[in-house]
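In what follows, a single structure is set out as structure tokens and then discussed.
The values are calculated or read from the model by the stated rules, or taken from the named source; none is laboratory data. None of these values were measured; they are calculated from a predicted model. In this analysis, Cβ positions are derived from the backbone assuming ideal geometry, glycine residues included, and neighbour counts consider all displayed protein chains. The accessibility values were calculated without ligands, DNA or RNA, using every heavy atom of the protein model including side chains. Shrake-Rupley method; radii C 1.70, N 1.55, O 1.52, S 1.80 Å.
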Amino acid sequence: MQPSDLRVALFSGNYNYTRDGANQALNLLVGHLLSRGVHVRVYSPTVDEPAFAPTGDLVDVPALPLPGDRGEYRLARGLPLKARRDLKAFAPNLIHVSAPDILGHRAISYARRRGIARVASLHTRFETYPRYYGLGFLEPMVEHLLTRFYNRAERVLVPGPLLAEILRSWGVHTPTAVWSRGVNHDRFSPSRRDLDWRRSLGIADNEVAVGFLGRLVKEKGLDIFAEVTAELCRRDVPHRVLVIGEGPARDWFAEQVPDAAFAGFQTGDDLGRAVASMDIFFNPSVTETFGNVTLEAMASGVPVVAARASGALGLIDDGQTGRLVEPRDIPAYADAIAGLIASPDERLRMGHKGCDKAASYRWDIINEAVLSTYLDLMEERRRKADG
């Protein structure tokens, strides 16, 4: 089978209406598939004013805003008749599901009933979310539901071997393949560092900027970030907090880090400038399957202090490109950051090594691996059909 023989229906809970690392990866994947001659059609909730233009053909799936303070995200109610008719006319021979939501489950069921190849990709550690909202007792139930979901696919695309091991520990028996992540090396580069931009935010040239990058939501580890910076203040460790991003927890976070410089939402080359203008990137989140923001900081020559969790393991070489700390160990985080603040040479050394390592993460190579997974699955199905 050739790439042009593939007809891929991609299902996403958020393809372009709110910008995040997962949907940017999906759009880059679709762009690569189209460039290789693959026929692709995307099914996802949409809004009147999306965060960015979609790559490829996008079909709207009706959805409702999530309750509470997460109304920027939408939950499709299933696979309605209009979408099913469109899907039937498109006639996919492979369905790729990127989220274990209602739409994802319905898409997997649609494919199973019709004998269509089924691929799922893992982008977020959803089983970790309940703990950030006082519902940690729900984590085993969420793991059970995720296990059932991924066992209904024929391949699961994971960002790295660690996530494959986690899935196996839950009881997921579906074969896995690695879909890593890439980085735009023109945008994320040490050359983007801009002291004038830092000064405009009130950060002096001699101040060490400890940066946060991401959506301002509690599951990104904002509580840990705030506790660690408070510990640095108690120790009289000089630093400034630089926050890049927006989100529903912004006001709460601003109260926790009152002296922080909030640069707001950044995109494009402005985002590259913001990341390169940090001195240390601090990422305490444990919800990512792959640390996109960590990789961007590395490519920008910024040393990283991160949680010893799936988003950083495999990216950060502890003591070489940054520091890994047990996820909720406040004193250890403070020790790691204070050590880097006290040693400009160590920051420079780690930044250089991180930049060198990030150079091998390129989207064209990484997305070609997904196409290879599709083709391998189709060939396996052909062999089985031939007996």
Compactness summary of the chain: radius of gyration and Dmax from Cα atoms, Å, are 21.3, 71
Return the subset of LYS88/LYS218; LYS220/LYS357; LYS82/LYS218 for which the Cα-Cα distance in this structure is over 30 Å, preserving the input order. LYS88/LYS218; LYS82/LYS218
I want to check the label-to-label distance for HIS352 and MET1. Put each point 7 Å from Cα in the C-beta direction and report it in nm to one decimal. 4.8 nm
State the percentage of accessible surface on the stretch 287-387 attributable to carbon and sulfur atoms; use a 1.4 Å probe and exclude ligands, DNA and RNA. 51 percent
Starting from the amide H of PHE11, placed 1.01 Å from N in the peptide plane, find each other amide H under 5 Å away whose residue is 5 or more places distant or on another chain. TYR43, HIS96, VAL97, SER98
Which log10 I(q)/I(0) values does the stretch 11-97 give at q = 0.21 Å⁻¹ under the Debye formula, counting every alpha carbon as one identical point scatterer? -1.06
Integer Hz, Karplus 6.51/-1.76/1.60 couplings in order for the stretch 176-189, x for Gly and Pro: 10, 9, 8, 10, 6, 9, x, 8, 7, 6, 6, 7, 9, 8
Accessible-area composition of the stretch 1-116, carbon plus sulfur, in percent [1.4 Å probe]: 50 percent
Go through 262-275, 23-36 and give me the packing order, highest mean Cβ count within 10 Å leading. 23-36, 262-275
Heavy-atom accessible area per residue, the chain, 1.4 Å probe: how many Å²? 43 Å²
Using a Förster distance of 51 Å, the FRET efficiency for SER191-ASP86 (Cβ separation, nearest 0.05): 0.65
Would you grab the residues whose amide H sits under 5 Å from the one on THR176? Only those 5+ places off in sequence or on another chain, please, with H modelled 1.01 Å from N. VAL156
In degrees rounded to 10, the 0-90 angle between helix 363-386 Cα long axis and the longest Cα principal axis of the chain is 30 degrees
Sort 159-166, 302-309, 349-356 by the packing proxy (mean of other Cβ within 10 Å over each peptide's residues), most packed first. 302-309, 349-356, 159-166
re the stretch 158-198: pairs of Cα atoms spaced beyond 14 Å account for a percent value of 62 percent
Grab the DSSP H runs of the chain that are 4 residues or longer, score each as -39,500 (n - 2.57), total them, divide by all residues and round the 222 nm result to the nearest 500 deg cm²/dmol. -12500 deg cm²/dmol
Nearest 10 degrees is fine. How inclined is helix 21-35 to the longest principal axis of the chain, computing both from alpha carbons? 50 degrees
Given contacts defined as C-alpha pairs under 8 Å and at least six residues apart, what's the relative contact order of the chain, whole-number percent? 14 percent
I'd like the orientation of helix 330-342 relative to the chain: the angle between its Cα long axis and the longest Cα principal axis, in ° from 0 to 90, rounded to 10. 60 degrees
Mean Cβ-within-10 Å packing, highest first, puts peptides 372-385, 244-257 in the order 244-257, 372-385
How high is the FRET efficiency from ASP318 to GLU246, r the C-beta distance, R0 30 Å, rounded to 0.05? 0.45
Taking every DSSP beta bridge that has both residues in the chain, what percent is antiparallel when rounded to the nearest 5? 10 percent
In terms of Cα to Cα distance under 15 Å, which aspartates and glutamates are near enough to LYS353, apart from those fewer than 8 places away along the same chain? ASP279, GLU296, ASP317, ASP318, ASP345
At R0 = 56 Å the Cβ-Cβ FRET efficiency linking MET378 and ARG328, nearest 0.05, sits at 0.80
Using modelled backbone amide H atoms (1.01 Å from N, in-plane), which distant-in-sequence or interchain residues come within less than 5 Å of VAL40's amide H? VAL8
Can you list the equivalent-ellipsoid semi-axes of the stretch 225-353, largest first and in whole Å, using the square root of 5 times each Cα gyration tensor eigenvalue? 20, 18, 15
Tell me, how many Å apart are the Cα centres for the stretch 350-377 and for the stretch 6-79? 22 Å
Taking the Cα centre of the chain as origin, work out the dipole magnitude from +1 charges on Lys and Arg Cβ and -1 charges on Asp and Glu Cβ, in debye rounded to 20. 1820 debye
Considering only protein heavy atoms, what is the solvent-accessible area of HIS173 at a probe of 1.4 Å, reported in Å² to the nearest 10? 150 Å²
Which length gain, in nm to one decimal place, applies between PHE52 and ILE365 when the Cα-Cα distance is subtracted from 0.36 nm times their residue separation? 110.3 nm
